[in-house]
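Report on one structure; see the data block that follows.
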Amino acid sequence: MVKLKMSSNILKWTSPGAKSSRGLQLSATTTTSTTTSQKRSPNNSATKRWIHEDSMLVGGHVAYLVKFLGNIEVDQPKGLDTVRESIKKLEFQEHLKRSEGEKIRRIELTISIGGVAIREPKTKQNIHQFPLHRISYCADDKSDRKYLSFISKVQENSDRHECFVFVCDKLSEEIALTIGQAFDLAWRKFLDASGNDFDAKRELVQAKKRIQELERKVSELEDKLKTNDKESSMPKQNGSHTSQASFQTPPVSPTTTTANPIIDLTMATSQLQSL
């Protein structure tokens, strides 16, 4: 079970038995996360208590009005040192822009299970958009509460990563938790969908095996009938006299104990189609 831990330095997302790493490390393979304030429930031993209703992130999004310090390419997909180095470089760039009279840009940061987006507050047009599986790290540094940062892949099939930094004043912790909640909901949704798909595939495989077994029995029965026909049509020899007789195999009676393979096969096919 993954736990969110609060410390005086950083928001940490760590796994029991593993070395804790500073920052919020996000991954599509992260197991269901929980906060330190948990309630016990009959159905789930650890029910998560996030800061938003799940429906807000599943059916809509949560938006924060913040300042966009900028983005810069980084060598590593995670790590607090990588984030802090990025902040220093972007602060220097921002200082140069301010000396030229350019103000820091205000943007709207929206978060949902569909991803994180940076967009214009007035036009609502997206400047950048990130599916959650492309975001590998999110840092809320308690030593400097005004910054929130996350690292994301530049493109889907690229190994390049960029660090995006926002000036959030005292909202950095809340935004980091909101991103963590979005990851948790998206992961649970993926597990539910994967479970249903697995059950359907398992039933399909079982139905195919039943059909193959019935087809094998049909083939064996046909071979047996052919053998009986050949044996019954062979002439009988008695000394030097040869007498020839023709026998026909009687049709299978409806009351025979031999199962009707065609009917069984049809039934199995119907089960397969109904899956």
Per the list (1) in contact with an Asp or Glu (Cβ under 7 Å, 6 or more places away or on another chain); (2) in a strand (DSSP E or B), residue check on residue 185 breaks on (2)
Restricting the search to segment 154-182, which residues are among the aromatic types (Phe, Trp, Tyr) and either in a loop (DSSP other than H, G, I, E, B) or within 16 Å of residue 62 (Cβ to Cβ) (or both)? 166
Name the single residue that is farthest from residue 80 (Cα to Cα) among those in segment 151-160 being surrounded by 10 or more Cβ atoms within 10 Å (Cβ to Cβ) and in contact with a helix residue (DSSP H, G or I) (Cβ under 9 Å, 6 or more places away or on another chain). 154
Just to verify a result, which residue in segment 161-171, among those that are at pLDDT 95 or above and out of contact with any helix residue (DSSP H, G or I) (no Cβ under 7 Å at 6 or more places or on another chain), is nearest to residue 109 (Cα to Cα)? 166
From the list 193, 139, 176, which residue is out of contact with any helix residue (DSSP H, G or I) (no Cβ under 6 Å at 6 or more places or on another chain), surrounded by 15 or more Cβ atoms within 10 Å (Cβ to Cβ), at pLDDT below 95 and of a type outside the set (D, E, K, R)? 176
Identity of the residue in segment 53-103, in a helix (DSSP H, G or I) and β-branched (Val, Ile, Thr), that ends up surrounded by the most Cβ atoms within 10 Å (Cβ to Cβ): 83
So residue 117 ticks every box in (1) out of contact with any Asp or Glu (no Cβ under 9 Å at 6 or more places or on another chain); (2) aliphatic (A, V, I, L, M); (3) under 16 Å from residue 182 (Cβ atoms) but one. Which box is left unticked? (1)
Given the options 109, 80, 132, name the one that is in contact with a Phe, Trp or Tyr (Cβ under 8 Å, 6 or more places away or on another chain) and modelled with pLDDT under 95. 132
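The values are calculated or read from the model by the stated rules, or taken from the named source; none is laboratory data. Computed from a predicted model, the values in this text were never measured in an experiment. Cβ coordinates were reconstructed from backbone atoms using ideal geometry, including for glycine residues, and neighbour counts include every protein chain displayed.
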